[in-house]
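Before any comments, here is the structure.
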Amino acid sequence: MKRILGITLTMMAATFQVQAQEYADLNYKFEKGQQFELEQKSRNETYMTVNEAQQRTTRDYNNIITIDVTEVNPGKSVLTFSYKDLKFNFNAKNTNIAVDAKGPASEEPFQEGLKQILKKPFTVEINSFGVINKIEGLDELLDNASVAFDKLKKDEQAAYKKLMKDQFGTEAFRSWLEQLLVMYPAHGIKSGTQWEESVPMRGGLIGSIDLYWSLQTWDSQTAKISGTSKIRTDKVQLLTLDDDIKATAEINGETQSNYLINRSSGLPSICVQNTELNGTYKYKVNKAKGIKKEILVPVKIITNASYKIKQMK
């Protein structure tokens, strides 16, 4: 009887162990003093057709950001970010800007503006599941950097400040980070499990982003996760576009993402993302801009991006 009971208990223990091994516990785990380096390479292309004339705007980013773990508390951590290298190209119908913040002196004001934010810290508080609680210090950093535009005309100052905020401000940074970092469920998951979250669109367009992730495979050190973001704008909310044009937007699309997760920290070692959005802007009447009636403007937005995060110490 004891022999049978012993065999039964052994089999039960083995079964529980196998069941436990089927589930991956994914979350963000940091230790104070750790440092990571994030490399971003991305290209955004926007196509609009205004009065049968196509307009194309491109934005290229090639940045390196250091991430220092400066505070660790139960359930949340404070990460200090700073730009180590910052290259940005912007090309639109009236503007061509090519900036290397670490490059030689240039007459381009935006270069001096971005140079001012190099190696300047700002903080991100994140919980253990990947929810960003707050970002502090970034907008103040950009406000201080705007002294680079003081010698420009008032309208030029306003245009440069808007460009900097739209590309690098808190809302733009948070939107980008929310799609880069996986938000993990509060329980262990098996291969094939899908989970989801929803966040608002930030910085520019107004609407919502529904985020879906699926665990593909995992082992003791890594996890492969695929992601899809369903993006849709609120078609009745009024926006202010470039050139101070007022419009509403009915734009929808999705982002496809693939992640290789480092399980020791929860951060993606590699992330590749591709986004395509399609829809229309509805320009409102603005006699000062020569818009005498509402105009429907077809728009297409394509973004291709890749990210690498490696632990430095």
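The values are calculated or read from the model by the stated rules, or taken from the named source; none is laboratory data. Note that this is a predicted model, so its numbers are computed, not measured. Note: ideal-geometry Cβ built from the backbone for every residue, glycine included; neighbour counts use all protein chains shown.
Structure values in brief
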| quantity | calculated |
| --- | --- |
| Residue ID - nearest to residue 47 (Cα to Cα), chosen from residues in region 64-87 that are in contact with a Phe, Trp or Tyr (Cβ under 6 Å, 6 or more places away or on another chain) and crowded, with 19+ Cβ neighbours inside 10 Å | 81 |
| Filtered residue count, region 151-187, keeping only those that are part of a loop (DSSP other than H, G, I, E, B) and farther than 15 Å from residue 111 by Cα | 9 |
| From 231, 245, 189, residue being β-branched (Val, Ile, Thr) and more than 26 Å from residue 301 (Cβ to Cβ) | 189 |
| Region 224-258, residues that are in a loop (DSSP other than H, G, I, E, B) and of a type in the set (Val, Ile, Thr) | 236, 245 |
| Number of positions in region 197-223 that are among the charged types (D, E, K, R), in a strand (DSSP E or B) and buried (at least 17 other Cβ atoms within 10 Å of the Cβ) | 1 |
| Test: residue in region 75-88 that is modelled with pLDDT of 90 or more, touching a helix residue (DSSP H, G or I) at 6+ places or on another chain (Cβ under 6 Å) and assigned to a strand (DSSP E or B) | yes |
| Selected residue (only one of 280, 275, 303 is surrounded by 16 or more Cβ atoms within 10 Å (Cβ to Cβ) and without any contact (Cβ under 8 Å) to a residue 40 or more places away in the chain) | 280 |
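Matching residues to (1) free of Cβ contacts under 8 Å to residues at least 60 places away in the same chain; (2) over 28 Å from residue 45 (Cβ atoms):
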residue: 90; (1), (2): no, no
residue: 110; (1), (2): yes, no
residue: 113; (1), (2): yes, no
residue: 128; (1), (2): no, yes
residue: 144; (1), (2): yes, yes
residue: 164; (1), (2): yes, no
residue: 173; (1), (2): yes, no
